[in-house]
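Each remark here refers to the structure printed beneath this line.
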Amino acid sequence: MKSLRDGWRKDKAPARKLSSRTETDEAVRLELSEFAPGIMPFLGLTTYLQLELYEAAARAVAGAPNLKSKEVLAGSAGITLTKHQKLSAELRKRGREPHLVMMPYTPVIDEFLERIDTADWHQYVLSIYLVGGLFDDFFAELARGLDDGFRGEAIQILRDDSGRKELQELLAAEIAVDPPLANRLALWGRRLVGDTLLVSREVLALSEGRTFVASHVEPIFTELIADHTRRMDGLGLTA
């Protein structure tokens, strides 16, 4: 199987409240949406990310151990491709070529994928499951702060978690057949969250509404880690 590097290349849901401190130590409340980038950086990042998630799932089909696994991964690939196509269609409606809008934001995603490169099929599939879920949630929350008419549709696209339960069940079945696999995947999952947070920091630095200050956004990462932990717990893995 090719390496991961080769393969990747509810509008009304409650907003997360994030605690921080001002220089006078007065408590303030921050929302992730306050760090939203402009619409073009947002579309460039999300469109490219969905393209890479599609490629990853499609390539994972080749290493699948049985027909059921192939079916699940093919379904996941189809879902992410649909998200990519919807985001690309929005760019074309604005008279923009998707590949040109995506281009400036490919390095941050490509560098991330290089860091989580693996030739292990089970780790590869866990990456698709965890990274896809975490980034969809992250960008859906960011989308709340977009000053653009596409805001609601962007949230709807990214909050579509179709196929995620099937990926979880696929991984759980593999662990049930080979219990020692759980330890290896738990270690891999812990590595993934650290690298994912590095990308999140870079995205938040693109904010047009609030200056990025690392100490102010630590609560954001606490929430992201909590989401990651819930997904790991769902597989019986220690986050």
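The values are calculated or read from the model by the stated rules, or taken from the named source; none is laboratory data. Remember, it's a predicted structure, so these values are computed and weren't measured experimentally. Don't worry about glycine lacking a Cβ; one is built from the backbone with ideal geometry, like all the others, and counts go over all protein chains shown.
Condition check ((1) small (Gly, Ala, Ser); (2) within 22 Å of ARG201 (Cα to Cα); (3) in a helix (DSSP H, G or I); (4) at pLDDT 95 or above) across all residues:
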| residue | (1), (2), (3), (4) |
| --- | --- |
| GLU71 | no, no, yes, yes |
| HIS84 | no, no, yes, yes |
| ARG96 | no, no, no, yes |
| ILE109 | no, yes, yes, no |
| GLU114 | no, yes, yes, no |
| TYR129 | no, yes, yes, yes |
| GLY133 | yes, yes, yes, no |
* Meets criteria (surrounded by 18 or more Cβ atoms within 10 Å (Cβ to Cβ) and closer than 30 Å to ALA176 by Cα) for ALA58 -> no
* Quick one: which residue in VAL203, VAL199, VAL217 is modelled with pLDDT under 75, surrounded by 16 or more Cβ atoms within 10 Å (Cβ to Cβ) and not hydroxyl-bearing (Ser, Thr, Tyr)? => VAL217
* When you go through (1) in contact with a His (Cβ under 8 Å, 6 or more places away or on another chain); (2) at pLDDT 95 or above one by one for TRP121, which number turns out not to apply? -> (1)
* To do: Kindly indicate which of ALA173, ALA154, ALA182, ALA186 is of a type in the set (Gly, Ala, Ser) and more than 22 Å from ALA119 (Cβ to Cβ).
  => ALA154
* Asked: Just one of the numbered conditions (1) under 21 Å from ILE128 (Cα atoms); (2) over 18 Å from the mean Cα position of the chain (by Cα); (3) not in a loop (DSSP other than H, G, I, E, B) is not true of SER215; which one?
  -> (1)
* To do: Among the residues of segment 169-192, count how many are in contact with a Phe, Trp or Tyr (Cβ under 8 Å, 6 or more places away or on another chain) and farther than 24 Å from GLU71 by Cβ.
  => 0
* Asked: Among all residue pairs at least 6 apart or on different chains, which show Cβ distances below 7 Å where the first residue, located in segment 143-162, is aromatic (Phe, Trp, Tyr) and the second is modelled with pLDDT of 95 or more?
  -> PHE150/ILE39; PHE150/GLU90
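Limited to segment 173-194, what total is found for residues that are touching a helix residue (DSSP H, G or I) at 6+ places or on another chain (Cβ under 8 Å) and exposed (fewer than 14 other Cβ atoms within 10 Å of the Cβ)?
Filtering segment 173-194 for residues touching a helix residue (DSSP H, G or I) at 6+ places or on another chain (Cβ under 8 Å) gives 174-175, 181-182, 184-186, 188-189, 192-193.
Okay, now just the ones that are also exposed (fewer than 14 other Cβ atoms within 10 Å of the Cβ), so none.
Adding up the residues that qualify gives 0.
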* To do: Looking only at segment 89-106, decide whether some residue is under 18 Å from LEU158 (Cβ atoms), of a type in the set (Gly, Ala, Ser) and surrounded by 21 or more Cβ atoms within 10 Å (Cβ to Cβ).
  => no
